[in-house]
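Written below as structure tokens is the structure these notes are about.
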Amino acid sequence: MTRAACPGSFDPVTHGHLDVIGRTAQIVDNVVVAVGTNISKNALFSPDERVEMLTEECAAWSNVKVMLFRGLLVDFCATNNIDIISKGLRAADFDYELQMAQMNRQLTGVDTLFLPTAPQWAFVSSSLVREVATLGGDVTAFLPARIAARTMARVASREAGVPNEV
Ligand code: PNS
């Protein structure tokens, strides 16, 4: 049985993330979507909200589960018997992703599988989606419908001064 982690911040989860998770689920036996808990000041959603949203969006894949992780990804992989890290790769990510993959392999021997991002999502990132949404742009093309609705609602409630859970 091969078990892969698909790690990320997922703030929010995009079509690009789900494409990589779904493709990984076809390659390995089990996938753990590993949601990092590092909170950035610009985060839209709390870690628990991100897990909840991912769990809903991944519900159709019976071999995918969603977990939070703290600390080093390699320690999470060792504790959870994860054999491989699977990541989507955009051209702009290459240098940093290669560096992280090599560091992770050096730390515990866990290897990284890179899947080329689907061309239609190659320009999509959570950080750009947050920026576009915050500045009033339409992000519905880049996110599943439920996530887009929650993202726009969160941006609107922030503008109205309502504190969120982050
Ligand atoms: O979606 P992101 O923000 O690109 O995800 C980054 C993430 C969470 C995968 C990365 O920051 C990570 O692995 N963090 C855990 C801490 C860690 O292991 N750092 C050493 C990396 S070599």
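Observations
- Pair list, Cβ < 7 Å and 6+ apart or interchain, from the stretch 75-98 residues that are free of Cβ contacts under 8 Å to residues at least 60 places away in the same chain and within 10 Å of PHE114 (Cα to Cα) to residues that are near the ligand (Cβ under 10 Å from one of its atoms) and open to solvent by less than 90 Å² (accessible area, probe 1.4 Å): LEU89/GLU97; GLU97/LYS87
- Conditions (1) surrounded by 14 or more Cβ atoms within 10 Å (Cβ to Cβ); (2) within 25 Å of THR151 (Cα to Cα); number of the one not met by ASP48: (1)
- Entirely in the stretch 1-94, the strands (runs of 3 or more DSSP E) that have 1 or more residues that are closer than 20 Å to VAL124 by Cα and among the aliphatic types (A, V, I, L, M): 30-36, 84-89
- The stretch 36-62, residues that are under 23 Å from GLN26 (Cα atoms) and acidic (Asp, Glu): GLU52, GLU56, GLU57
- Residue in the stretch 142-151 that is within 10 Å of the ligand (Cβ to nearest atom) and more than 21 Å from VAL28 (Cβ to Cβ) present: no
- Cross-chain or 6+ apart pairs with Cβ under 9 Å, the stretch 1-27 first and within 10 Å of the ligand (Cβ to nearest atom), then open to solvent by 20 Å² or more (accessible area, probe 1.4 Å) and among the basic types (Lys, Arg): CYS6/LYS87; PRO7/LYS87; GLY8/LYS87; ASP11/ARG130
- Checked against the criteria, GLY161 counts as outside any helix (DSSP H, G or I) and surrounded by fewer than 18 Cβ atoms within 10 Å (Cβ to Cβ).
- Condition broken by MET103, with the remaining ones in (1) hydrophobic (A, V, I, L, M, F, W, C); (2) surrounded by 14 or more Cβ atoms within 10 Å (Cβ to Cβ); (3) within 14 Å of the ligand (Cβ to nearest atom) satisfied: (2)
- Residues that are of a type in the set (Phe, Trp, Tyr) and either modelled with pLDDT under 95 or closer than 22 Å to GLY109 by Cα (or both), drawn from the stretch 49-95: PHE69, PHE76, PHE94
- The set of residues from the stretch 65-97 being more than 17 Å from VAL20 (Cα to Cα) and either under 14 Å from the mean Cα position of the chain (by Cα) or within 12 Å of the ligand (Cβ to nearest atom) (or both) comprises LEU68, PHE69, ARG70, GLY71, LEU72, LEU73, VAL74, ASP75, PHE76, CYS77, ALA78, TYR96.
- Residue satisfying all of: in the stretch 107-127; among the β-branched types (Val, Ile, Thr) and out of contact with any Gly (no Cβ under 9 Å at 6 or more places or on another chain); most open to solvent (accessible area, probe 1.4 Å) among these: THR108
- Matching residues in the stretch 134-154 - criterion: being in contact (Cβ under 8 Å) with a residue 60 or more places away in the chain, assigned to a helix (DSSP H, G or I), touching a helix residue (DSSP H, G or I) at 6+ places or on another chain (Cβ under 8 Å) and surrounded by 15 or more Cβ atoms within 10 Å (Cβ to Cβ): ILE147, ARG150, THR151
The values are calculated or read from the model by the stated rules, or taken from the named source; none is laboratory data. All figures in this text were calculated on a predicted structure; none of them were measured in a lab. As a convention, Cβ positions derive from the backbone with ideal geometry for all residues, glycine included, and neighbour counts pool all protein chains shown. What goes into the accessible areas is simple: the full protein's heavy atoms, side chains included, and nothing from ligands, DNA or RNA. Shrake-Rupley method; radii C 1.70, N 1.55, O 1.52, S 1.80 Å.
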